[in-house]
Amino acid sequence: MTEIAKGVYFSSDYTQMNFDLIYDVIKNSYWGKSRTKQQQLLAMNSSINFGLFINKKQVAYTRVLTDYSFFAYLMDVFVVKNEQGKGYSKLLLQAVFQFPKLNNIDKWMLATKDAHSLYNKFGFNTIESPEKLMEKLNTKAKKHI
């Protein structure tokens, strides 16, 4: 863990992530309510995981899917309810975007329903050419659109 603000620590060490907390928050979110524990575990094992900690207690999380060169997808960003509004999401995202293995990525993407103003602060904008993007959804994913 690395201290990034007074008493606030950042980690990318998977073994330090609180899986039960992460799963509980995501399971109760609009984007992750259909996930099983096994799916979340597989997703985390296939990503770079990042957390913020206060007194060794996890208060924020995100994960990134990437090829480490051209593309990265930011996913599952959250701050636990009782710690929201204290700037932790900004601290977490700053640390992620400065993470050595990710600081030269050409293109970052994410999806959000309600946090556009947060991500705008980090240079994210709406898709300039949405007609170029395509998606393939399975039946389960189509139910959550």
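Read the figures in this text as sums done on the coordinates, not as results from a lab. Nothing here was measured: the structure is a model prediction, and the numbers come from that model. Counting neighbours? That spans all protein chains shown, and the Cβs are built from the backbone with ideal geometry, glycine included.
Quick notes
- Residue among Q58, Q39, Q84, Q16 that alone is under 20 Å from T112 (Cβ atoms) and surrounded by 12 or more Cβ atoms within 10 Å (Cβ to Cβ): Q84
- Taken across the stretch 89-105, residues that are charged (D, E, K, R), surrounded by fewer than 10 Cβ atoms within 10 Å (Cβ to Cβ) and free of Cβ contacts under 8 Å to residues at least 60 places away in the same chain do not occur at all.
- Selection of the stretch 17-27 for residues being in a helix (DSSP H, G or I) and of a type outside the set (V, I, T) yields F19, D20, L21, Y23, D24, K27.
- Scanning the stretch 12-26 for residues that are in contact (Cβ under 8 Å) with a residue 12 or more places away in the chain and of a type outside the set (A, V, I, L, M) returns S12, D13, Y14, Q16, N18, F19, Y23.
- Meeting the requirement of 2 or more residues that are charged (D, E, K, R), the helices (runs of 4 or more DSSP H) wholly within the stretch 83-144 are 139-143.
- Of everything in the stretch 1-13 that is of a type in the set (G, A, S) and not in a loop (DSSP other than H, G, I, E, B), the residue that is surrounded by the fewest Cβ atoms within 10 Å (Cβ to Cβ) is A5.
- Positions within the stretch 76-86 being out of contact with any Ser or Thr (no Cβ under 7 Å at 6 or more places or on another chain) and without any contact (Cβ under 8 Å) to a residue 40 or more places away in the chain, in sequence order: K81, N82, E83, Q84, G85, K86
- When Y68, Y30 are checked against the criterion of being in contact (Cβ under 8 Å) with a residue 60 or more places away in the chain, surrounded by fewer than 17 Cβ atoms within 10 Å (Cβ to Cβ) and outside any helix (DSSP H, G or I), Y30 stands alone in meeting it.
- On the stretch given as the stretch 42-54, residues that are surrounded by fewer than 17 Cβ atoms within 10 Å (Cβ to Cβ) and assigned to a helix (DSSP H, G or I) total 2.
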